[in-house]
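Step one of this worksheet: look at the structure below.
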Amino acid sequence: MDERYSRQVLFPGIGKEGQEKIRKKHVLIIGAGALGSGSAEVLARSGVGKLTIIDRDYVEASNLQRQQLYTEEDVAEKLPKAAAAEKRLRAINSDVEIRAIIGDATPELLEELVAGVDLMMDATDNFETRMAMNDVSQKYTIPWIYGACVGSYGMSFSIIPRKTPCLNCLLRSIPLQGLTCDTGGIISPAVQMVIAHQTAEALKILVEDWDAVRTSFVSFDLWRNEYTSLKMSKAKFAGCLSCGEERTYPYLDYENMTKTTVLCGRDTVQIRPAAASEISLERLAGQLSSLGYVVKGNPYLLSVEMGDERMVIFQDGRALVHGTKDLTHAKSIYQRILG
Ligand SMILES: [Zn+2]
């Protein structure tokens, strides 16, 4: 272990004591796309004690350009990202305890997962999940690091409960809602730059060097050669419903969670059943084949071809309908297949 982390231990900001602290920490990474796979790799190589990573999607060819944990083999097998990430991270560092969860990061699940977690990393592609993370962070006093990128543009902010403004406070001055969905493509260096900002902050937090934590909101455009660092000390809003005195944690209200959503930048609709229930993929595959459907799959999911559309069903009854953005149409397909 000494040799393995020697360069990091030599770095004065970490040292032997810092390395021991890193080894005792548990980080929860929400999302295993571009940002999540990068953060997970950096943290696993740094020797963090435990990593939990959650993702609802599976690996596709268009991911390989920037999602550094995945291979062509993962695409061919249609492995869920969480499962593929777990396999790769174990190969990178067998000292790290890794827990992979294939599923949707609902507020309910996040509240379950944060027990014993020291830090959360934002690697989601949607506003709703980020706001839920923000409320969970405030409710359980767990720091989290916001990160997002589109095109050649990226940004990051470190949120420490009781110290910094939260994401809900920031929305009053920065219109972050519109920036979460990527429809104009993305270049890998923008992803890497956000990962660098997020994971540097993560290391500072894991070694408890609170004075070193960045207090500004950083954003950059690598194509236009722009770098901005905005001071945020005055952004904390006393009446904030997530971190203020009369907080209600509005984004943890399960009733407000949408069950059917169009996924970011894609012709794909996600459908989550009202009550989660384990389904037998094997039995379903048999039934659908006997009805004449073309069915493929692996132990984690089933893929059903239906003309221009394709539906992927996970064990928890959740489904992704590819080839449409029409929620009603997607629901009718879901009902046809799963009853
Ligand atoms: Zn706030």
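The values are calculated or read from the model by the stated rules, or taken from the named source; none is laboratory data. Since this is a predicted model, take the numbers as computed values, not measurements. Virtual Cβ from ideal backbone geometry, glycine too; neighbours counted across all protein chains shown. The area values use the complete protein model at the heavy-atom level, side chains included, leaving out ligands, DNA and RNA. Shrake-Rupley method; radii C 1.70, N 1.55, O 1.52, S 1.80 Å.
Could you list, in sequence order, all residues of the stretch 111-132 that are farther than 15 Å from ALA32 by Cβ and not aromatic (Phe, Trp, Tyr)?
The answer is GLU111, GLU112, VAL114, ALA115, GLY116, VAL117, ASP118, LEU119, GLU128, ARG130, MET131, ALA132.
Restricting the first member to the stretch 78-100 and to residues that are farther than 15 Å from GLY36 by Cα, and the second to residues that are open to solvent by 50 Å² or more (accessible area, probe 1.4 Å) and of a type in the set (A, V, I, L, M, F, W, C), the beta-carbon pairs closer than 9 Å and six or more apart or on different chains are ASP95/MET1. Exactly one residue out of PHE157, PHE127 is on the phi < 0 side of the Ramachandran plot and within 15 Å of the ligand (Cβ to nearest atom): that is PHE157. Checking ALA330, ALA285, ALA274 one by one, the residue that is under 21 Å from THR106 (Cα atoms) and either without any contact (Cβ under 8 Å) to a residue 60 or more places away in the chain or open to solvent by 60 Å² or more (accessible area, probe 1.4 Å) (or both) is ALA274 and no other. Beta carbons closer than 8 Å, at least 6 apart along the sequence or on distinct chains, pair a first residue in the stretch 3-24 that is among the β-branched types (Val, Ile, Thr) with a second that is open to solvent by 50 Å² or more (accessible area, probe 1.4 Å) for VAL9/ASP2; VAL9/LYS16.
Take the residues in the stretch 224-249 that are surrounded by 12 or more Cβ atoms within 10 Å (Cβ to Cβ) and under 30 Å from ILE187 (Cα atoms); name whichever of them is nearest to the ligand (Cβ to nearest atom).
Filtering first and then ranking leaves MET232.
The sole residue among SER152, SER158 that is within 21 Å of HIS26 (Cβ to Cβ) and touching a residue at least 24 places away in the same chain (Cβ under 8 Å) is SER158. Among helices (runs of 4 or more DSSP H) entirely within the stretch 24-99, having at least 2 residues that are open to solvent by less than 10 Å² (accessible area, probe 1.4 Å) singles out 34-46, 81-92.
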